[in-house]
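Participant: Next up is a structure, given as structure tokens.
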Amino acid sequence: MADNIRTKQNKRTNGSRTKGREVPGERYNQRYNRFDEIRESSQLEGRNPVMEALNRGRHIDKIFVKKGEVEGTLKVICAKAREAGIPVQEVDKIKLLNMQITNNCQGVIAMIPAKEYCSVSDILAAASERGEAPFVIIADEIEDPHNLGAIIRSAETAGAHGIIIPKNRSVGLTAVVSKSAAGALEYMPVCRVTNISRAIEELKRAGLWIVCADMKGTVYYNADLKGPIGLVIGAEGKGVSRLVKEHCDFSVKIPMFGKIDSLNASVAAGLVMYEIVRQRRYI
């Protein structure tokens, strides 16, 4: 009898949860599967901390502001951010409530990289200091933080001198990226640029050959990958963007022998990286 009572109480409790007042953001969490990744990024909350970060020129990946309330201090913050080339996105109240950690974000949250970015010249200088031909990874529009973290980890173990990522349509150096890199981010310089094609041209002027991972290229272990080199890896599905591909010197592909015709971006990057290592060090 007691078991029956408990069963009925549980049913009644579960029913009240589904019909009662919805917890703020519960529906959002179900619909937006990237929410947890956003929340794990380092972030600043509140108008004064964000304004101070802007005034000091601190690296900021993106700023979220409450939709419909961009006035007063928030208006100044948005103007300063756009002037500095920082993306600003207006979001609804529910999203902002779920993103905040302090429970008092005052309508603004700034996403801060887990590590300060460097410049292209810093990466080239690192290669020069080690007395090695530059070896640079260019990650074109990698949006999955786990993939970027894994690429950083592979690049560090392969002896690459740095990684270049785009400012837009790409994940930044979030806490998830740092965790996925398993400590490698502490040793790997990462440069964030507004235009990947211009960064490639800068590398070319420094004497690097730029190779693109693409299914229409030469089989990667048959290509000459020795000397100063930059390797471009594109996002899963769409691969390297057309404009970036046009700035590359040549392309290489990884042969596929199974029923599917693609690899995880970080796996593909690792394979080509270590072919570069083999040719640079063992041939």
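The values are calculated or read from the model by the stated rules, or taken from the named source; none is laboratory data. Quantities reported herein were computed from a predicted structural model and do not represent experimental measurements. Backbone-built Cβ (ideal geometry, glycine too); neighbour counts: all protein chains shown.
Participant: Any residue that is more than 30 Å from T73 (Cβ to Cβ), surrounded by fewer than 21 Cβ atoms within 10 Å (Cβ to Cβ), out of contact with any Leu (no Cβ under 8 Å at 6 or more places or on another chain) and β-branched (V, I, T) - is there at least one of those in the stretch 147-167?
Facilitator: Looking for residues that are more than 30 Å from T73 (Cβ to Cβ), surrounded by fewer than 21 Cβ atoms within 10 Å (Cβ to Cβ), out of contact with any Leu (no Cβ under 8 Å at 6 or more places or on another chain) and β-branched (V, I, T), one finds at least one in the stretch 147-167, hence yes.
Participant: Moving on. From the list M256, M273, which one is outside any helix (DSSP H, G or I) and either aliphatic (A, V, I, L, M) or modelled with pLDDT under 95 (or both)?
Facilitator: Being outside any helix (DSSP H, G or I) and either aliphatic (A, V, I, L, M) or modelled with pLDDT under 95 (or both) holds for just one of M256, M273, which is M256.
Participant: Same structure again: Which of (1) within 20 Å of the chain's Cα centre (by Cα); (2) surrounded by 14 or more Cβ atoms within 10 Å (Cβ to Cβ) is the odd one out, the single condition L243 does not satisfy?
Facilitator: (2)
Participant: Moving on to the next point. Are any residues in the stretch 128-140 within 14 Å of M188 (Cβ to Cβ) and surrounded by fewer than 20 Cβ atoms within 10 Å (Cβ to Cβ), and if so, which ones?
Facilitator: If the condition is that a residue be within 14 Å of M188 (Cβ to Cβ) and surrounded by fewer than 20 Cβ atoms within 10 Å (Cβ to Cβ), then R130 is the only one that fits.
Participant: While we're looking at this one, here's another question. Go through the stretch 65-88 and give me each residue that's part of a loop (DSSP other than H, G, I, E, B) and either in the same structural domain as R192 (by TED's automatic domain parsing) or surrounded by 14 or more Cβ atoms within 10 Å (Cβ to Cβ) (or both).
Facilitator: K67, E69, V70, I86, P87
Participant: Could you list, in sequence order, all residues of the stretch 176-190 that are touching a residue at least 60 places away in the same chain (Cβ under 8 Å), outside any loop (DSSP other than H, G, I, E, B) and buried (at least 17 other Cβ atoms within 10 Å of the Cβ)?
Facilitator: Those that are touching a residue at least 60 places away in the same chain (Cβ under 8 Å), outside any loop (DSSP other than H, G, I, E, B) and buried (at least 17 other Cβ atoms within 10 Å of the Cβ): V176, V177, S178, L185, V190.
Participant: Working only within the stretch 228-239, note down all residues that are under 23 Å from G159 (Cβ atoms) and at pLDDT below 95.
Facilitator: G234
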